[in-house]
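Notes follow once the structure below has been shown.
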């Protein structure tokens, strides 16, 4: 039986696309959307700016491609409600400290601070992904929604101080201590949501 070669082999351009995305994640994560340039991304990818534009068209399209990520709410489905706070924090710390996914999250959060469209996308992702995961464990009451809003203050505060502002006292906290202590705070909100 004859197979279609294009289904068997990756596109020759895929390696270039991947290199551009990797460079874009790094530059957007370092500089934020407003200060990142196509020229800087091209230099990081070791190609011309024209090649970046050829594959992605403009900075906005490249940013959308570079910062697309998802969270599977089912990842928390088997976690007991009594351990959900710690599981959520561990998941986020793993994602932010992973060299493949951390720059994407940094780029999105940095840009959400100054770009309305990205802020809306970021809030939508938080709602659709993390909130959905939490609501599988608690009833969707007004009290639960308030508790989840309070949880966001902890989550965003942790991300901002540890990974964006890099506050020395926060970056010095050992990873497992951070997961345990912030997880304990989130667990308090989960208990509130369940009440």
*Could you tell me which numbered condition residue 117 fails, if it satisfies all but one of (1) at pLDDT 80 or above; (2) in contact with a helix residue (DSSP H, G or I) (Cβ under 6 Å, 6 or more places away or on another chain)?*
(2)
*asked:* Restricting to the range 53-73, count the residues that are surrounded by fewer than 12 Cβ atoms within 10 Å (Cβ to Cβ) and either within 20 Å of residue 122 (Cβ to Cβ) or touching a residue at least 24 places away in the same chain (Cβ under 8 Å) (or both).
replied: 2
*Could you tell me which residue of the range 162-183 is surrounded by the fewest Cβ atoms within 10 Å (Cβ to Cβ), considering only residues that are touching a helix residue (DSSP H, G or I) at 6+ places or on another chain (Cβ under 9 Å) and over 18 Å from residue 94 (Cβ atoms)?*
169
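The values are calculated or read from the model by the stated rules, or taken from the named source; none is laboratory data. Quick caveat, the model's predicted, so the values are computed rather than measured. FYI the Cβ positions are ideal-geometry reconstructions off the backbone, even for glycines, and counts take in every protein chain you see.
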